[in-house]
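The values are calculated or read from the model by the stated rules, or taken from the named source; none is laboratory data. No experiment lies behind these values; they were computed from the predicted model shown. All Cβ positions, glycine included, derive from the backbone under ideal geometry; neighbour counts span all protein chains shown.
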Amino acid sequence: MKRENHAISIIDRFDLESSAATEFRRLIYNLNGAYAAKVKRAGGEAAGSRGMDITGDRKTILVTSAVVSEGKSTTTAFLGICSAKLKERRTLLIDCDMRRPNLHRLFSMEREQGLVEYLTEGLPSSRMIKKTELDKLDMITAGKHIDNPTEVFDATRIGKLIEEVADMYDFIVVDSPPVLPVSDPMLLANVVDGVLLVVKAGETHRDVVIRARDLLAGSGDRLLGVVLNNLNNALPYYFSPGYSSYENVKN
Ligand SMILES: Nc1ncnc2c1ncn2[C@@H]1O[C@H](COP(=O)(O)OP(=O)(O)O)[C@@H](O)[C@H]1O
Ligand SMILES: [Mg+2]
């Protein structure tokens, strides 16, 4: 995919040897475990709507948070890069935040010809899916700006889109608006297999997080876990990457 401008894509800034990359590898691993445990608790029935094979890697994850700027889009992007680059899984990112979309910016792509065009003009998935610079990583951007996102948003149709493209991917990560101010993520929770709640540690108030969790619990109970972002600013020094770094030495 041609870059929109000369901005540096998040792919170029992602260091595979960094502590962040390690955490995202752990996150992917933990997501698999959390999903399998949830399916088991549900009596072997897949938690998702499509009865997915839990032994496979094909899962659809919704990334959301209680309020704005907790790190949803950043988490979605890193999850996608790690999944595609480290695990070599065919991965699709979908930007379902039509109000404050960010994925196209992070990957230096055009915003247009995405979800909004699918919902308003019936743009087919073949024309919506954009290639990133990573072989195994594709993207559906949010689409053009509209003044009436609440009206245009349609979780059922987004669910149909996910179903339509699911066979082409091992892992689909859906970025979304925050849960408290917007109802979209609650509705999207019903069309994915699991939900990941990003919490900005040290900033988002406990009660706000609890409210978000309760709202999500009311929509299919698909919450798989929480990603604590901003930990460097919230935890004691011995949790910082510098304290526990394990460098790759030459000799
Ligand atoms: N762990 C972090 N450390 C530093 N900056 C971060 C971190 N996580 C997110 N950010 C920054 O915070 C801002 C909001 O992040 P973003 O992922 O866009 O949040 P959201 O999608 O939840 O609104 C962005 O500028 C992003 O680069
Ligand atoms: Mg965002």
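Could you say which residue among Leu188, Leu235 is among the aliphatic types (A, V, I, L, M) and at pLDDT below 95?
After applying the criteria, what remains is Leu235.
What residue, of Asp138, Asp95, is touching a strand residue (DSSP E or B) at 6+ places or on another chain (Cβ under 6 Å), touching a residue at least 24 places away in the same chain (Cβ under 8 Å), over 18 Å from Leu188 (Cα atoms) and of a type outside the set (Val, Ile, Thr)?
Exactly one residue qualifies, and that residue is Asp138.
Under 7 Å between Cβ atoms, which residue pairs at least 6 apart in sequence (or on different chains) link something in the range 108-130 that is at positive phi with a partner that is at pLDDT below 95?
Ser108/Arg3; Ser108/Glu4; Ser108/Asn5; Ser108/Ala7; Ser108/Ser9
Quick one: is Leu196 closer than 18 Å to Val68 by Cβ, away from ligand 2 (no atom under 16 Å from the Cβ), in contact with a strand residue (DSSP E or B) (Cβ under 9 Å, 6 or more places away or on another chain) and at pLDDT 90 or above?
So Leu196 fails the test.
Can you say whether Val68 is surrounded by fewer than 19 Cβ atoms within 10 Å (Cβ to Cβ) and of a type in the set (A, V, I, L, M), as far as the supplied structure shows? If you could, list the steps in order and put the result at the bottom.
Numbers: surrounded by fewer than 19 Cβ atoms within 10 Å (Cβ to Cβ): yes; of a type in the set (A, V, I, L, M): yes.
Here the answer is yes, as Val68 does meet what is asked.
Being crowded, with 24+ Cβ neighbours inside 10 Å and within 12 Å of the chain's Cα centre (by Cα) is the requirement here; does Val179 meet it?
The answer is no for Val179.
If the requirement is being under 16 Å from the mean Cα position of the chain (by Cα) and basic (Lys, Arg), which of these qualifies: Lys144, Lys200?
Values: Lys144 fails: under 16 Å from the mean Cα position of the chain (by Cα).
The match here is Lys200.
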